Amino acid sequence: MMKPFLGRLIMLVIVAVLVLIVLNQIGVFKPQMSSYPAEIKLLKNEFVTDAIIFRNEALVMADQGGDVTFMVEDGERVPQGSLIATITPSESSQAYQPFSLSDDWLIDMELIEQEYTAAQDQLAYLVKESRLSEVDPVKVQLDQLLTIRNAYQQSSGLVPQETALATEVGSDGKIHVTAPHGGIVGYTVAEDDLLYNPFNIPLIDYNQYKVKQEGQILRRVLANQPFIRLVSNRETYLVIRVDETTLKQFTLGRRIDVDINGQTIRPVVTNIFKHGKEYGIQLTVLEEYNNDYNDRTSRITVIPQQLEGLAIKTSSLVEQDKVMGVYVLKKGYRSEFVPVKVLGFFGNEAIIASDNFLVSEGSESVVVPTVNLYDEILEEPNQ
């Protein structure tokens, strides 16, 4: 009687052990870990900042002061020689005090030279020590400093905007102001328009000099006082300043999105220069936007990066044997490490390649299977 009973007991124990092993394998006794499906999303990095706007333009004035009559509409494009305004001369005891460019507004070139020399020495050291993986960031810094050095060497300082002086007196006794070249007429002028020659973009110390005032339309002027801007073309330059972390989102030659005056435009990153702990970025705009010929400053939204693709949370990323990947829940609640290729980071999310991607192994390219759409990803696998 005892032997059959013991046999059944042993069988029950064996079955119970096997059941426990299976339950453990499927995660019944493991702490519950949160997960989410990999989905297609459009992610973007964006920030709001102030832009200073530079243009190629001529500042037009007359050799006599008086009452101004504008002959064309603000924002109208005119050919060279067009009559754009007349001035009815009047006597005035006032004299116009011309705006002058001060060296105080010039970036500290001595400091720039010191930084440039230090970067050259660092580059030479890295090459000598064969630390080639560290070379590229130093070369980028040299290029950013070289932008400023080259501009300064061409001018030895700030370059004033082009000016044109009208002197012709018509048969009606009025000063006839004509366009010195073709362009877009702008009647909103400010005292410091002379400073905003595009050539000066990397040379201005933006901590020392701020845009002085909002522009205004002048109906009465003094002799030699600029009262018309003639914008050469629709090409404008938006200049913004960013810190080193934000700078990493920008690449020379890349087109980005900018929201300005209720419109979205796509300027190109055409210049990056270093000013101390900050960086200046020049965005060249070749398209029209609202009030593009008048604004000197504008509050804009900058979107340097956006990407649509398979999205995951950055908290899911882990490194295993020097390979970046995530843990994917498979059938039976098993978690399996799957390599990934990150295409872009956007805050606490990232866009990755889906289905598979290529890696180089020697002279060959190898296809690596990766995360698929709707795969269940562990949110925090390290916990």
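Values for this structure:
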quantity: Residue in the range 97-116 that is more than 24 Å from residue 208 (Cβ to Cβ), open to solvent by 60 Å² or more (accessible area, probe 1.4 Å) and of a type in the set (D, E, K, R) present; calculated: no
quantity: Members of the range 120-145 found to be within 24 Å of the chain's Cα centre (by Cα) and among the hydrophobic types (A, V, I, L, M, F, W, C), listed by number; calculated: 135, 138, 140, 142, 145
quantity: Subset of the range 227-283 that is part of a helix (DSSP H, G or I) and of a type in the set (Val, Ile, Thr) - its residue that is surrounded by the most Cβ atoms within 10 Å (Cβ to Cβ); calculated: 246
quantity: Those strands (runs of 3 or more DSSP E) lying entirely in the range 5-70 with at least 2 residues modelled with pLDDT of 55 or more and among the aliphatic types (A, V, I, L, M); calculated: 39-62
quantity: Residues of the range 284-319 satisfying the condition of being under 17 Å from residue 252 (Cα atoms) and either of a type in the set (Gly, Ala, Ser) or not in a strand (DSSP E or B) (or both); calculated: 286
quantity: Breaking point among (1) at pLDDT 90 or above; (2) open to solvent by 90 Å² or more (accessible area, probe 1.4 Å), for residue 91; calculated: (1)
quantity: Where residue 332 falls short, out of the listed (1) surrounded by fewer than 18 Cβ atoms within 10 Å (Cβ to Cβ); (2) modelled with pLDDT under 90; (3) within 15 Å of residue 36 (Cβ to Cβ); (4) not hydrophobic (A, V, I, L, M, F, W, C); calculated: (3)
quantity: Qualifying positions in the range 358-383 - free of Cβ contacts under 8 Å to residues at least 60 places away in the same chain, in contact with a strand residue (DSSP E or B) (Cβ under 9 Å, 6 or more places away or on another chain) and assigned to a strand (DSSP E or B); calculated: 358, 359, 360, 365, 366, 367, 368, 369
quantity: Members of the range 117-162 that are exposed (fewer than 14 other Cβ atoms within 10 Å of the Cβ), of a type in the set (Ser, Thr, Tyr) and in a helix (DSSP H, G or I); calculated: 117, 125, 133, 155
quantity: Residue match in the range 204-222 (condition: of a type in the set (D, E, K, R), within 27 Å of residue 266 (Cβ to Cβ) and part of a strand (DSSP E or B)); calculated: no
quantity: Conditions (1) among the hydrophobic types (A, V, I, L, M, F, W, C); (2) open to solvent by less than 80 Å² (accessible area, probe 1.4 Å); (3) at pLDDT below 90; number of the one not met by residue 371; calculated: (3)
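The values are calculated or read from the model by the stated rules, or taken from the named source; none is laboratory data. Just so it is clear, the structure is predicted and the values come from calculations on it, not from any experiment. A quick note on method: Cβ atoms are made from the backbone with ideal geometry, for glycine too, and the neighbour counts reach across all protein chains shown. SASA here: full protein model, heavy atoms, side chains in, ligands and nucleic acids out. Shrake-Rupley method; radii C 1.70, N 1.55, O 1.52, S 1.80 Å.
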